[in-house]
Amino acid sequence: MILILLGPPGAGKGTYSQKLIEKYKIPQISTGDILRAAVKAGTELGVKAKEYMDSGLLVPDEIIVGIVDDRIKEADCKNGFLLDGFPRTVEQANAIASIFEKNGLKLDAVVNIKVTDDILKKRLTGRRMCRKCGANFNVNTLPPAKDGVCDKCEGELYQRDDDKEDVIEKRLQVYGHQTAPLIDYYNERKALKDVDANEGTIDEIVEKIAEAVKG
Ligand code: AMP
């Protein structure tokens, strides 16, 4: 199973991905997580990416495509994978299409997670992430059992710099200009499955996604 999760920042891609990878027994490839790990480790990639990430801009296509190309060749991807937060531009979509073709891989579906701007802003400002394991919580919609502490590993929860209000606005604009065109792109290729994620529990939305993928 090869899936792409498309949707604006704050749509819940990371949260739904966590459940979907259990369901389909495939790894999640989150380019945002890969970049954050590189920033934390202080690698050359991390130093380059940080500037773009902190200002809500996209990291250049050639950097991101190279990362994904390498990652999908790893052994755990042999039965498929879920791309979360990639592709984010038409150039990235074209690049991954030719990588799939070269490697004899077939995309099963692109799930377009639809959420209104009001809800997105509420989710983004409330989001907290674990410094240790990267798990996501939300002070508004998915609070941890103990304030500021990860339920899974007891790591410290923090607010991402790019989840602060001024950067959120920029990220939503970037989504509208650079990523939203992928909705038409995948619609034209008959791969797009819309899922309304404005209401419902996480499990209900995951179920809707699974239904959409099947249909
Ligand atoms: P995310 O965690 O998916 O919201 O990603 C956080 C940030 O990482 C984004 O705002 C971008 O700066 C960068 N990023 C993640 N994925 C991509 C991508 N596919 N293309 C370009 N930049 C990306």
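The values are calculated or read from the model by the stated rules, or taken from the named source; none is laboratory data. Small disclaimer: the values here were computed from a predicted structure and weren't measured. Note: ideal-geometry Cβ built from the backbone for every residue, glycine included; neighbour counts use all protein chains shown.
Assorted remarks:
- Hits in the range 1-57 - residues which are part of a loop (DSSP other than H, G, I, E, B), within 11 Å of the ligand (Cβ to nearest atom) and crowded, with 18+ Cβ neighbours inside 10 Å: 7, 8, 9, 10, 11, 56
- Residue 167 at pLDDT 95 or above and either surrounded by 13 or more Cβ atoms within 10 Å (Cβ to Cβ) or acidic (Asp, Glu) (or both): no
- Set 7, 42: member being modelled with pLDDT of 95 or more, out of contact with any strand residue (DSSP E or B) (no Cβ under 8 Å at 6 or more places or on another chain) and of a type outside the set (D, E, K, R): 42
- Among (1) out of contact with any Leu (no Cβ under 6 Å at 6 or more places or on another chain); (2) among the polar types (S, T, N, Q); (3) in contact (Cβ under 8 Å) with a residue 60 or more places away in the chain; (4) more than 8 Å from the ligand (Cβ to nearest atom) - the single one residue 94 does not satisfy: (3)
- Listed by first and then second residue, the pairs with beta-carbon distance under 8 Å, at least 6 apart or on different chains, first residue in the range 168-179 and over 18 Å from residue 61 (Cβ atoms) and touching a residue at least 12 places away in the same chain (Cβ under 8 Å), second more than 10 Å from the ligand (Cβ to nearest atom) and of a type in the set (Ser, Thr, Tyr), are 168/125.
- Flag if residue 190 is without any contact (Cβ under 8 Å) to a residue 12 or more places away in the chain, farther than 19 Å from residue 86 by Cβ and assigned to a loop (DSSP other than H, G, I, E, B): yes
- Residue check for residue 168: within 14 Å of the ligand (Cβ to nearest atom), among the β-branched types (Val, Ile, Thr) and in contact with a helix residue (DSSP H, G or I) (Cβ under 6 Å, 6 or more places away or on another chain): yes
- When each of 125, 116 is tested for being more than 9 Å from the ligand (Cβ to nearest atom), of a type in the set (Ser, Thr, Tyr) and without any contact (Cβ under 8 Å) to a residue 60 or more places away in the chain, the lone residue that passes is 125.
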